[in-house]
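Here is the structure we will look at.
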């Protein structure tokens, strides 16, 4: 459910769901990487993007970590600590940094800061969902408001069981299914 939400411009963080402020992230990476503040600032200036600088200052984990789905990252790890004590938020963020390789750390940081911009129009997301579910795109567009919260209930109410079944099919990773449908829709 989170992939279409994020692809259509939704954000995990915001005014009501603070996981980490920019200053906190800079302080935490300085502490975790044993990098002086001035060097963190210089690295940020050189790299030009906070999320990339944060991802670059730590090395990859030594051993491969288990693959964790997007929904678990968001629903079980990030949202439960939103607006909580700084120590708890820091522990979740730092644990993620330590467990993820560079590319995944970069995407994680973009989720944290709300800077995940995929460049996909909401219409393309709607088209992919329509093709996945055999539901008319006009119906999906009509029922997919500008601001929405991803949930099983939302998708069931808006698009019916066909899309829900496609997203929750145990044999298909929803990220792959949506990606394939979006690629097919973009190719037309």
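Summary table below
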| item | result |
| --- | --- |
| Helices (runs of 4 or more DSSP H) contained entirely in region 45-137, each with at least 3 residues that are within 13 Å of the chain's Cα centre (by Cα) and modelled with pLDDT of 90 or more | 102-113 |
| Restricting region 1-22 to residues that are more than 10 Å from the chain's Cα centre (by Cα) and assigned to a helix (DSSP H, G or I), the residue that is modelled with the lowest pLDDT | 4 |
| From the options 18, 11, residue that is in contact (Cβ under 8 Å) with a residue 40 or more places away in the chain and closer than 19 Å to residue 87 by Cβ | 18 |
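The values are calculated or read from the model by the stated rules, or taken from the named source; none is laboratory data. All figures in this text were calculated on a predicted structure; none of them were measured in a lab. Every residue, glycine among them, receives a Cβ derived from its backbone with ideal geometry; neighbour counts consider all protein chains shown.
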